[in-house]
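The block underneath contains the structure these notes are about, expressed in structure tokens.
Readers should treat all values here as calculations from the given coordinates under stated rules, not as data from a laboratory. Since this is a predicted model, take the numbers as computed values, not measurements. No Cβ is skipped: glycine too gets one built from the backbone with ideal geometry, and neighbour counts run over all protein chains shown.
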């Protein structure tokens, strides 16, 4: 797996020319790592950030009487963002494949969930399947894009990573439960327990700038789910979609949704792991 695209490699060279002159130890060294960490995270969020910016901008400025509906504009904007990232070599074709898979997986779930009344899209548009505007699938794709990109640019390695086959079975069970819990017992707590058993001993090792850091992978899942929940609040505030009880006025999305987003994180992470296969940290250490 290539760590950088051509554009990212050029940015990395320029960054090193500046950052290599800065202290590597003490508070200054820690500050350099912190700043680079933030910049890389922002770069990894490029697709999702662009989509969220488009949602906010259309909520504030999109004309009500425009010939093209807001949802259709968002769909076409998402396609344009994707094509621009590929043409500008800001994203790899492998990452584009992940986005396509997530769009499909997300759209199927959206069709079912909106039919079940879990949430609604209050505006009319042309590019839709049933009650689901096609831009919505790109919101799931943004999660896949982010995970694929951080796997690359942070050169992620793992210790005590669970067997791939076990993670795939967990992923399938979580996805099925998103549908089946409407008809039978919700087994999410069992799925949480299985997740802890599989990933509880696993650490992700990632390189920011000069140093390799590590953190429990489960903590990473929860932190990313929290940021998705914050983005979801922005999305519902902008009326891109609405949960029951938000039709008459915006309210904060229930924190209970963090559990759902954490489970979605597992699906996202496992699908990305099939494209960017997890590598053991010892492999890199032996090569140094």
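The table below lists the values:
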{"quantity": "Segment 238-255, subset in contact (Cβ under 8 Å) with a residue 60 or more places away in the chain and not in a strand (DSSP E or B), residue surrounded by the most Cβ atoms within 10 Å (Cβ to Cβ)", "calculated": "240"}
{"quantity": "Test: residue in segment 77-87 that is in a helix (DSSP H, G or I), closer than 20 Å to residue 123 by Cβ and touching a strand residue (DSSP E or B) at 6+ places or on another chain (Cβ under 8 Å)", "calculated": "no"}
{"quantity": "Residues being surrounded by fewer than 18 Cβ atoms within 10 Å (Cβ to Cβ), touching a residue at least 40 places away in the same chain (Cβ under 8 Å) and within 12 Å of the chain's Cα centre (by Cα) - total across segment 223-234", "calculated": "0"}
{"quantity": "Selection status of residue 85, touching a helix residue (DSSP H, G or I) at 6+ places or on another chain (Cβ under 9 Å) and touching a residue at least 40 places away in the same chain (Cβ under 8 Å)", "calculated": "no"}
{"quantity": "Subset of segment 7-29 (residues that are surrounded by 12 or more Cβ atoms within 10 Å (Cβ to Cβ) and either part of a helix (DSSP H, G or I) or within 27 Å of the chain's Cα centre (by Cα) (or both))", "calculated": "7, 8, 9, 10, 11, 12, 15, 19, 29"}
{"quantity": "Matching option when the condition is without any contact (Cβ under 8 Å) to a residue 40 or more places away in the chain and within 20 Å of the chain's Cα centre (by Cα), among 217, 258, 198, 263", "calculated": "258"}
